[in-house]
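The values are calculated or read from the model by the stated rules, or taken from the named source; none is laboratory data. Since this is a predicted model, take the numbers as computed values, not measurements. Here the Cβ positions follow ideal geometry from the backbone for every residue, glycine too, while neighbour counts run over all protein chains shown.
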Amino acid sequence: VLVGYLFFPLAYIMGASDATDPDAKIAETLKVAQLMGSKTVLNEFIAYQQMSGMIMRKEIGPRAQMIATYALCGYSNFSQIASQLAMYGSMCPQKKAVYAKVAFKSMIAGGIACFMTACIAGRYCCTSAILKSHQYYSRKRLCVLSFLHVNKG
């Protein structure tokens with residue numbers, strides 16, 4: 001929970017919630033931030049398991065689910081640092097010190113990459129407003145098609 005508060009500003013900037021009520025928006029964004037914290041401290045599998053429980057309890061909406069899915073995919077967590085150090089150390093034992101120096105930085109860079117992907121996905125997310133403005137597209141088609149329409153107005 002504490003690590004979730006550290007990720008709250010990032011989850012908020014990502015636009016993790018599209019709730020109209022400010023309290024609901026903050027609560028949903030905090031849930032996504034907690035998932036991001038769980039992923040970083042524990043691992044992504046535990047975070048996805050927590051997210052599935054939140055989905056079943058309807059604690060997070062479709063946009064938050066989508067943002068969290070992209071933000072959680074990746075191996076930027078502390079447990080992966082250990083496995084990567086072991087793997088690279090076994091391949092080249094004389095470079096273990098170099099790997100240890102860059103391990104934490106690589107975890108940060110990997111996390112930023114996942115969070116940037118979540119931001120891009122959030123930017124091009126399929127929302128009800130987009131579907132309503134482009135009614136001639138079926139809801140069953142890919143959302144990307146709605147961006148192919150050129151507004152001639």
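Output the residues belonging to region 18-31 that are over 12 Å from Pro62 (Cα atoms) and assigned to a helix (DSSP H, G or I). Explain how you work it out, then say what you get.
Step one: list which residues in region 18-31 are over 12 Å from Pro62 (Cα atoms), which gives 20-27, 29-31.
Those that are over 12 Å from Pro62 (Cα atoms) and assigned to a helix (DSSP H, G or I): Pro22, Asp23, Ala24, Lys25, Ile26, Ala27, Thr29, Leu30, Lys31.
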Which numbered condition Val32 fails, given (1) touching a helix residue (DSSP H, G or I) at 6+ places or on another chain (Cβ under 7 Å); (2) free of Cβ contacts under 8 Å to residues at least 24 places away in the same chain; (3) of a type in the set (Val, Ile, Thr):
(2)
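Looking only at region 70-94, count how many residues are in a helix (DSSP H, G or I) and without any contact (Cβ under 8 Å) to a residue 24 or more places away in the chain. Break it down stepwise before answering.
Applying the first criterion (in a helix (DSSP H, G or I)) to region 70-94 yields 70-72, 78-91, 93-94.
Add one more test, that the residue is without any contact (Cβ under 8 Å) to a residue 24 or more places away in the chain, and what stays is 82-91, 93-94.
Qualifying residue count for the region: 12.
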Inspect all residues belonging to region 52-63 and state whether any of them is hydroxyl-bearing (Ser, Thr, Tyr) and either surrounded by 14 or more Cβ atoms within 10 Å (Cβ to Cβ) or outside any helix (DSSP H, G or I) (or both).
no
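Name the residue, out of Ile26, Ile46, Ile67, that is closer than 25 Å to Tyr124 by Cα, at pLDDT 90 or above, surrounded by fewer than 18 Cβ atoms within 10 Å (Cβ to Cβ) and not acidic (Asp, Glu). Lay out the reasoning, then the answer.
Details: Ile46 fails: closer than 25 Å to Tyr124 by Cα; Ile67 fails: surrounded by fewer than 18 Cβ atoms within 10 Å (Cβ to Cβ).
Going through Ile26, Ile46, Ile67 in turn, the sole match is Ile26.
Scan region 43-66 for residues that are touching a Cys at 6+ places or on another chain (Cβ under 8 Å) and more than 13 Å from Gly111 (Cα to Cα) and jot them down. Write out each step before concluding.
Here is the first cut: in region 43-66, the ones touching a Cys at 6+ places or on another chain (Cβ under 8 Å) are 44, 63, 66.
Listed by number, the residues that qualify are Arg63, Met66.
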Those residues of region 1-17 which are touching a residue at least 40 places away in the same chain (Cβ under 8 Å) and part of a helix (DSSP H, G or I), in sequence order
Leu10, Ala11, Ile13, Met14
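Residue by residue, here is whether (1) within 16 Å of Tyr5 (Cβ to Cβ); (2) in contact (Cβ under 8 Å) with a residue 24 or more places away in the chain; (3) in contact with a helix residue (DSSP H, G or I) (Cβ under 8 Å, 6 or more places away or on another chain) holds:
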| position | (1), (2), (3) |
| --- | --- |
| Lys39 | yes, yes, yes |
| Phe45 | no, no, no |
| Tyr48 | no, yes, yes |
| Gly53 | no, no, no |
| Arg57 | no, no, no |
| Gln65 | no, no, yes |
